[in-house]
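Written out below as structure tokens is the structure these notes cover.
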Amino acid sequence: MSIRRRAVLGSVLGLSAAAVTGTAAAAQPSGRRIATPRQAPSQQFAIGVREFQWSRGSRQLTTRIFYPAATGFPGGEPVADAPIADGVFPVVEFSHGLGGNPESYAPLIRPLAEAGFIVPAPVFPTTSTGTEGNIQDVYNGNQSMDVSEVLTQTLALNDAGGDPFAGHIDTAAGVGVAGHSLGGMTTHGLLTAWPDDRIAAAVPFACVDMGNPASNVSANVLFVHGDQDPICQYSSARQAYEELPAPKGFLTHLGTGHDEYIWSGVNHTQTVATYVDWMRWSLYGDTAARDRLPSDAAAPTTVWESVLE
């Protein structure tokens with residue numbers, strides 16, 4: 001397996017071609033995890049947030065977990081340490097891009113928590129600073145391994161006596177992962193070079209191809225990308241999509257660059273609706289959400305593609 005694939009960021013982020021090239025040979029996962037259908041929440045939740053100081057070796061992993069809250073107002077600001085809402089909720093981790101943090105990606109994190117997901121969002125110790133030299137932590141696997149540690153710590157809270165999350169985390173459905181740019185690459189790394197077989201759903205936004213599909217990961221994978229992205233080449237994400245087996249989807253934003261669709265600009269509504277329903281289908285077994293995907297994605301400047309069987 002090649003762990004560094006294509007010279008797609010060289011001219012933009014200063015990586016040499018030798019650091020990111022390799023060969024491709026798709027592997028087929030050994031089996032597919034199918035979520036047991038259960039009632040997905042129909043209401044919009046208020047949001048709570050808790051902060052944890054975790055680590056992996058010497059790497060500090062400050063993590064903020066956003067979650068459905070029993071107090072506060074739907075659509076309002078997250079309430080620190082609010083009681084969690086009644087119910088059992090799947091986990092979807094989110095990875096920020098270069099110079100980002102959980103708050104800067106609120107347009108993608110909050111809709112998940114409002115829809116009934118527990119969303120751990122780490123602040124990566126090097127790439128949150130915005131220094132391009134630190135992106136090697138994505139190519140050497142550090143950030144993908146950080147995510148695996150954050151997932152382990154989050155899931156463990158379900159069995160932690162006295163913790164407010166105890167009994168509220170769905171540990172059987174598998175987990176979701178998502179991220180944008182370097183975070184998207186971190187997400188794709190968890191399906192390829194640094195695999196985590198707990199992953200049942202993944203949404204890499206504006207990623208590049210990080211390696212051959214791992215044989216022990218069986219996930220529903222949705223790619224979201226602008227076809228005029230000057231930083232993470234659209235063609236690389238297309239190759240990653242072609243290499244993966246079904247179930248998979250691809251939402252293309254036509255004439256769009258690296259991140260306009262992330263914020264409240266071009267096709268933001270389509271981005272969020274598709275992304276949330278992808279997770280509802282994958283982790284709640286919500287077939288109505290699956291059936292909404294084409295209409296979720298529909299706009300004059302989008303193209304929706306999928307192979308769901």
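What size of dipole, in debye to the nearest 20, comes out for segment 210-309 about its Cα centre when the only charges are +1 on Lys and Arg C-beta atoms and -1 on Asp and Glu C-beta atoms?
140
Based solely on C-alpha atoms, express the radius of gyration and the Dmax of segment 161-309 in angstrom.
That works out to 15.1, 51 Å for Rg and Dmax.
Quick one: which residues, 5+ away or cross-chain, put their amide H under 5 Å from the amide H of THR62? H built at 1.01 Å from N.
Close amide H contacts, sequence-distant or interchain: TRP54, VAL123.
Using Cα pairs closer than 8 Å and at least 6 residues apart in sequence, work out the relative contact order for segment 176-260, in percent. Before the final figure, lay out each step's value.
Working: 195 pairs, mean separation 23.0, N = 85.
Averaging sequence separation for qualifying contacts and normalising by length gives 27 percent for segment 176-260.
Can you tell which of ALA289, ASN142, HIS225 lies farthest toward the positive end of the dipole of the chain, using +1 and -1 charges on the Cβ of basic and acidic side chains (Lys, Arg; Asp, Glu)?
Of the candidates, ASN142 comes out farthest on the positive side.
Suppose each label sits 7 Å from its Cα in the direction of the beta carbon; what would the PHE52-GLU242 distance come out to in nanometres?
That separation, rounded to one decimal, is 4.0 nm.
Under 10 Å, Cα contacts only: if you run a Gaussian network model on the chain, which one of ALA178, ALA46, ALA288 comes out with the highest mean-square fluctuation?
Most flexible of the set in this elastic network: ALA288.
Could you pull out every residue, at least 5 positions away or on a different chain, whose amide H is within less than 5 Å of the one on VAL177? Hs are placed 1.01 Å off N in the peptide plane, and Pro or chain starts have none.
Long-range HN contacts for VAL177: GLU93, ALA201, ALA202, VAL203.
From largest accessible area down, sort ASP259, ASP197, ASP209; use a 1.4 Å probe on the protein chains.
Details: ASP259 50, ASP197 85, ASP209 5 Å².
The residues order as ASP197, ASP259, ASP209, largest area first.
Which ³J(HN,Hα) values, rounded to whole Hz and listed in residue order, are derived for segment 292-309 from phi using the Karplus coefficients 6.51, -1.76 and 1.60 in 6.51 cos²θ - 1.76 cosθ + 1.60 with θ = phi - 60°, glycine and proline given as x?
Coupling constants for segment 292-309: 7, 3, x, 6, 4, 7, 5, 6, x, 10, 10, 10, 10, 10, 7, 9, 9, 10 Hz.
If you place +1 on the Cβ of every Lys and Arg and -1 on the Cβ of every Asp and Glu, how big does the dipole about the Cα centre of the chain come out, in debye to the nearest 20?
Computed about the Cα centre, the dipole is about 440 debye.
Give a residue-ordered list of calculated ³J(HN,Hα) values for segment 241-248 (Karplus: 6.51 cos²θ - 1.76 cosθ + 1.60, θ = phi - 60°; whole Hz; x for Gly, Pro).
Values per residue, Gly and Pro as x: 4, 5, 6, 7, x, 5, x, 7 Hz.
Please name which of LEU108, ALA160, ALA121 has its Cα lying farthest along the dipole of segment 99-183 towards the positive end, using unit charges on Cβ (Lys, Arg +1; Asp, Glu -1) and the Cα centre as origin.
LEU108
Give me the mean projected area, in nm² to one decimal, of the convex hull enclosing the Cα positions of segment 196-258.
In nm², the orientation-averaged hull projection of segment 196-258 is 3.9.
Could you pull the accessible area for ARG50 with a 1.4 Å probe, rounded to 10 Å²?
Near enough 30 Å² of accessible area.
Can you give the translational diffusion coefficient of the chain in µm²/s, computed by Stokes-Einstein from the Kirkwood radius over Cα pairs at 20 °C and 1.002 mPa s?
It comes out at roughly 113 µm²/s.
For a distance above 21 Å, tell me the whole-number percent of Cα pairs in segment 73-230 that qualify.
Taking all Cα-Cα pairs of segment 73-230, the fraction more than 21 Å apart is 44 percent.
For the chain, what is the mean residue ellipticity at 222 nm derived from helices alone (per DSSP H run of n ≥ 4: -39500 (n - 2.57); sum divided by total residues; nearest 500 deg cm²/dmol)? Can you show the working numbers first?
Working: 8 runs with 79 residues, N = 309.
-7500 deg cm²/dmol, from helical runs alone.
Over segment 128-215, how many percent of alpha carbon pairs lie in each 10 Å bin up to the one with the longest distance?
It works out to 17, 45, 26, 11, 0, in whole percents.
Enumerate the amide H contacts of ILE169 below 5 Å, restricted to partners 5 or more residues apart or on another chain; note that Pro and chain-start residues carry no placed amide H.
PHE89
Among MET145, MET185, MET279, which one shows the biggest mean-square fluctuation in a GNM of the chain, springs joining Cα atoms closer than 10 Å?
Maximum fluctuation in the GNM of the chain, among the listed residues, is at MET145.
Once you have all Cα-Cα distances for segment 130-173, histogram them in 5 Å bins from zero and send the whole-percent values.
Taking all Cα pairs of segment 130-173, the binned fractions are 5, 21, 18, 16, 11, 10, 11, 8, 1 percent.
Against the empirical 2.2 N^0.38 Å scaling, what ratio does the C-alpha Rg of segment 31-139 come to? Provide the component values of the computation, followed by the final result.
Details: Rg = 15.4 Å, N = 109, 2.2 N^0.38 = 13.1 Å.
So the Cα radius of gyration is 1.18 times the expected 2.2 N^0.38 Å.
Among ARG38, ARG292, ARG64, whose mean-square fluctuation peaks in a Gaussian network model of the chain (Cα, cutoff 10 Å)?
Result: ARG38 has the largest fluctuation of those listed.
Can you give the Rg to Rh ratio of segment 239-309, both from alpha-carbon atoms, with Rh computed by the Kirkwood formula? Kindly include the intermediate steps, with their values, before the conclusion.
On the way: Rg = 12.2 Å, Rh = 12.6 Å.
Looking at segment 239-309, the ratio lands at 0.97.
Using a 1.4 angstrom probe with every protein chain in place, what is the largest-first accessible-area order of GLU242, GLU93?
Output order, biggest surface exposure first: GLU242, GLU93.
The values are calculated or read from the model by the stated rules, or taken from the named source; none is laboratory data. Because the structure is predicted, anything quoted here is derived from the model rather than measured. Neighbour counts run over all protein chains shown; Cβ positions are idealised from the backbone, glycine included. Heavy atoms of the whole protein, side chains included, go into the accessibility calculation; ligands, DNA and RNA do not. Shrake-Rupley method; radii C 1.70, N 1.55, O 1.52, S 1.80 Å.
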